[in-house]
Amino acid sequence: MNFFADRAAAAALAAAPAALQPLLEAKAIVEHTNINPNKAAHIGHLRNAVLGDTWVRLLRRRGETVEVQNLQDNTGVQVADVAAAFLYLNGAAGDAAAAIAQVETVLADPAVRFDYLCWDLYAAIAQHYEQHPDDLAAWRPATLQAIEAGANPIATLAAVISTAIARCHLRTMQRIDVEYDLLPRESEILHLDLWRHAFALLRQRGAIRLESAGKNAGCWVMDRAEARGPEGEEETKVIVRSNGTVTYVGKDIAYQMWKFGLLPLEFGYARFYEYPSGHVAWTTADRSAPGAPAFGRGVWVFNVIDVRQSYLQEVVVAGLRALGAEHEAARSVHFSYEMVALSPACAAELGYLASAEASGGKRVDVSGRKGTGVKADDLLDRLEARTREEVAARHPDRPAAERERLAAAIAVGALRYFLLKFSRTTPIAFDFKEALSFEGETGPYVQYAAVRATAIGRKAADAGQPAAAAWDAAWSGSLDDTAAWTLLWHAGRLEAAVAQSLDAAEPAQLAKFAFQLAQTFNNFYHHTPVLQEENPDRRTFLLWLVAYVQRQLAEALALMGIAVPEAM
RNA sequence: GGGCGCGUAGCUCAGUUGGACCAGAGCAUCGGCCUUCUAAGCCGACGGUCGCAGGUUCGAAUCCUGCCGCGCCCGCCA
């Protein structure tokens, strides 16, 4: 069989595409970022946030209702370790009040990047603990218990630290246009006895049982008949330790239950952070502030978490199943992605390796405990420094403030595209050379194409011929031009690309589409003069086409959280 | 031992959802193109037994089986 495309009909369709229909029954909760609030964000966190944020934008584009959550583990070991560092390593000699005063002082100092300071402190205490196991045995549990108990100076110290760091993280993410609706905090999860309620339900439904013998005697465990351990034995997962404390997975099951509205309790909510747009990120609190929205009770839950936690995410879902929450289990999605490591050259450049050869050609893992990795803000600073340079060279006449805006937009474009162009299952070996590149398959390449398209439209408008808003059937004859037709056809595929990206849960497909459309346009741009076109009908058509492509490019970029600068 | 992922050009990666963009892109290298809508661009060249071996099919990078290699996970850590 042969199929023939009616180009004019296709053009008319492209100009007025059918809207995507929402597929999810109701609110979806997307949880991403989830950085421990004890130190600066790094490149791996950026991949998480950018993937999560782009997924949110894709879902919203389809018309879904989405709530973005960013869990704060403000009572965990990582925060406790930094609190202990302030208590014992910085001259406070264990006096929490003195440590708090110290923290307040550095927080008040605009020259100090608090999250960077904590990054170093965290590495310092990790090293100290390694060399002084006695201190580890004494400081960590004491700090942890004080934090969990609450209402004491050490808990206050930890709260001051974790709150300040959370704000640092929100500011960092704001730089790349990532915003949140709610920051649920472990502290409120503890105070609300989320776990006690979940435990009662799990027990009542027979999802967990008390092990009476064997290595897990005295623990509440969940059976996992489908899984096999290292010796081929049937697997059980400890949910409650023999000392009565809850494991990480146990807490995660409880939290997942809350997200689905399966627990009979409600958090209070307080305003935490206001974005320039006026949008507010809320956090959990003991009492609700007036006007607090209703959070939680999602029908779909997407957890953006790295691939190493696949097993644990399976356990969480198995927990829901064991509870009889089959419907919720089927709507729990682990939006997983591979890790970001450092390329050998990058690790060597940062001084983590004597030479690139020392890694044996393999990527080098980052480690918060060792203090290795690329801080998110450092990377953004370097990107902006580079774009600023380029912008200054290309647009010396523009005012400084405008140049700053351009540089920032291009830096974000470079970073977000770099993190999105790899499929989720591909581990990224981070490399400055690649990330700082603005040529070839990069965000700036796509932005550049859109900027050029904008420029043509602007010049035409200045000359008194703005682009027509709608497709005109009278232009059909112009579609015989293969270059124009190819471009139109490609641009019209945005809806399909978005749908595909959603179906495959793969933002990289959208990135690829945007790049290819930009390529097609750049090619067209070089071979088809628009403003010089003599035939007025054809010029009108070309202007419409360029405006249409510009809109499609801008929309694809917006879905990736990338803006089109006014100039490049 | 089990589970998951990966193996495609010198390098980094797309392409695998029940097969038909027939091997693609970017970078790197080499060679062209700025008095014409911005050269962060365009054009061209070079470059691949799609890990190996079988199988299914009219047709396989894609599906099936078996190997080989690499990574991650399988804690009363989070």
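The values are calculated or read from the model by the stated rules, or taken from the named source; none is laboratory data. None of the values given here were measured: they were computed from a predicted structure. Glycine also receives a Cβ, built like all others from the backbone with ideal geometry; neighbour counts cover every protein chain displayed.
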Just to verify a result, which residue in region A:205-217, among those that are within 7 Å of RNA strand B (Cβ to nearest atom) and exposed (fewer than 15 other Cβ atoms within 10 Å of the Cβ), is modelled with the lowest pLDDT?
A:K215
Can you work out which of the residues in region A:324-347 that are of a type in the set (D, E) and touching a residue at least 60 places away in the same chain (Cβ under 8 Å) is surrounded by the fewest Cβ atoms within 10 Å (Cβ to Cβ)?
A:E338
Quick check on this structure: which one of A:A385, A:A354 is within 29 Å of A:W119 (Cα to Cα), surrounded by fewer than 16 Cβ atoms within 10 Å (Cβ to Cβ) and away from RNA strand B (no atom under 16 Å from the Cβ)?
A:A354
Given the criterion surrounded by fewer than 20 Cβ atoms within 10 Å (Cβ to Cβ) and over 24 Å from A:Q447 (Cα atoms), identify the matching residue among A:T482, A:T528.
A:T482
Residue check: is A:V391 closer than 21 Å to A:M173 by Cα and among the β-branched types (V, I, T)?
no
Can you list residue pairs whose Cβ atoms sit under 8 Å apart, with the first residue in region A:254-270 being touching a residue at least 40 places away in the same chain (Cβ under 8 Å) and the second being surrounded by fewer than 15 Cβ atoms within 10 Å (Cβ to Cβ) and assigned to a loop (DSSP other than H, G, I, E, B)? Count only pairs 6 or more apart in sequence or on different chains.
A:W258/A:L265; A:L265/A:D193; A:G268/A:D286; A:G268/A:R287; A:G268/A:A289; A:Y269/A:A289; A:Y269/A:P293
Anything in region A:502-533 that is of a type in the set (G, A, S) and either outside any helix (DSSP H, G or I) or near RNA strand B (Cβ under 10 Å from one of its atoms) (or both)? List them, or say none.
A:A504, A:A505, A:A508, A:A511, A:A518
Single residue of A:R321, A:R363 found to be more than 12 Å from RNA strand B (Cβ to nearest atom) and either of a type in the set (K, R) or surrounded by fewer than 17 Cβ atoms within 10 Å (Cβ to Cβ) (or both):
A:R321
